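To start, the structure under review is shown below, and the notes come after it.
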Ligand code: IPE
Ligand code: IPE
Ligand code: MG
């Protein structure tokens, strides 16, 4: 595989297995609708797909997995759906945390967790602390996350830290993002056939390989994950340089 050589672009090594996979988990509502079920049934089934995907990432030796679970724009959904999603996240965390910890998963949360209320925010803080020294997989959950909001917050942080315009570089600016210590995604997957980014990781996906898959999120699992990695392995990453 090619090595990026363009100056200013972080030097990634093109592994056959991506170092960081990010997923826009879409299509829960349509999955439920197709079965004549309420949307919440799709979200519940989606949580099972999350489980399978984490295991698949571990099995393939992918060290970073970021899952888009709730966007800053998802607050515009009806209150009952937001409540269902909040409930499911709490439920998922309580049920899965011990097992995730046992598997060596380090949990990281990005996005405005406070908006879900202090109780869930504190539980998420505690889960991050508990799993902080795990090394098998870093699982980044994006909740109440928006890429533009994240960039604006980073600008504010840099200003509050008294950073001068001369000191702002792509690299130093990255340090003010919520993903400061994480590598950029190599592969971005979006399920459900929608071909858009929906305000996810705008800065970080500058050179991600993108894969739009037709299946709905609740149907995602080991086979779909493996197929995505296979597809990724066929790509030639150039980072703006000429292939060697
Ligand atoms: C993804 O499924 C889950 C969230 C965005 C929270 P959707 O709820 O967006 O499902 P569709 O797109 O309506 O099928
Ligand atoms: C993106 O899905 C957000 C998540 C998967 C959490 P949406 O279903 O909210 O995106 P749009 O509205 O179709 O762009
Ligand atoms: Mg959707």
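The values are calculated or read from the model by the stated rules, or taken from the named source; none is laboratory data. None of these values were measured; they are calculated from a predicted model. As a convention, Cβ positions derive from the backbone with ideal geometry for all residues, glycine included, and neighbour counts pool all protein chains shown.
Just one of (1) within 16 Å of ligand 1 (Cβ to nearest atom); (2) crowded, with 16+ Cβ neighbours inside 10 Å; (3) under 20 Å from residue 49 (Cα atoms) fails for residue 108. It is (1). Checked against the criterion of being modelled with pLDDT of 95 or more, surrounded by 13 or more Cβ atoms within 10 Å (Cβ to Cβ) and not in a strand (DSSP E or B), region 1-16 has no qualifying residue.
Restricting attention to region 35-49, which residues are in a helix (DSSP H, G or I) and either free of Cβ contacts under 8 Å to residues at least 12 places away in the same chain or buried (at least 18 other Cβ atoms within 10 Å of the Cβ) (or both)?
39, 40, 41, 42, 43, 44, 45, 46, 47, 49
Restricting to region 50-103, and then to whatever is without any contact (Cβ under 8 Å) to a residue 40 or more places away in the chain and not in a helix (DSSP H, G or I), can you tell me which residue is nearest to ligand 3 (Cβ to nearest atom)? Of everything passing the filter in region 50-103, 77 is nearest to ligand 3 (Cβ to nearest atom). Filtering region 200-218 to residues that are touching a helix residue (DSSP H, G or I) at 6+ places or on another chain (Cβ under 9 Å) and assigned to a strand (DSSP E or B) leaves 209, 211. State whether the residues of region 112-135 include one that is in contact with a helix residue (DSSP H, G or I) (Cβ under 8 Å, 6 or more places away or on another chain), outside any helix (DSSP H, G or I), at pLDDT 95 or above and under 20 Å from residue 181 (Cα atoms). There is at least one residue in region 112-135 that is in contact with a helix residue (DSSP H, G or I) (Cβ under 8 Å, 6 or more places away or on another chain), outside any helix (DSSP H, G or I), at pLDDT 95 or above and under 20 Å from residue 181 (Cα atoms). Restricting 42, 29, 46 to those that are within 16 Å of ligand 3 (Cβ to nearest atom) and under 18 Å from the mean Cα position of the chain (by Cα) reduces the list to 46.
In the set (1) more than 16 Å from ligand 1 (Cβ to nearest atom); (2) more than 23 Å from residue 225 (Cβ to Cβ), residue 139 fails one condition alone, (2). From the list 144, 178, 172, the lone residue that is in a loop (DSSP other than H, G, I, E, B) and at pLDDT 95 or above is 178. Considering 188, 182, 216, 201, the condition of being touching a residue at least 60 places away in the same chain (Cβ under 8 Å), closer than 15 Å to residue 66 by Cα and within 16 Å of ligand 3 (Cβ to nearest atom) is satisfied by 188 alone. Of all residues assigned to region 172-183, none qualifies as being buried (at least 17 other Cβ atoms within 10 Å of the Cβ), in contact with a strand residue (DSSP E or B) (Cβ under 8 Å, 6 or more places away or on another chain) and closer than 20 Å to residue 85 by Cα. Filtering region 64-88 to residues that are within 15 Å of residue 120 (Cα to Cα) and within 11 Å of ligand 2 (Cβ to nearest atom) leaves 69, 70, 85.
The number of residues in region 199-244 that are within 16 Å of ligand 1 (Cβ to nearest atom) and surrounded by fewer than 15 Cβ atoms within 10 Å (Cβ to Cβ) comes to 1.
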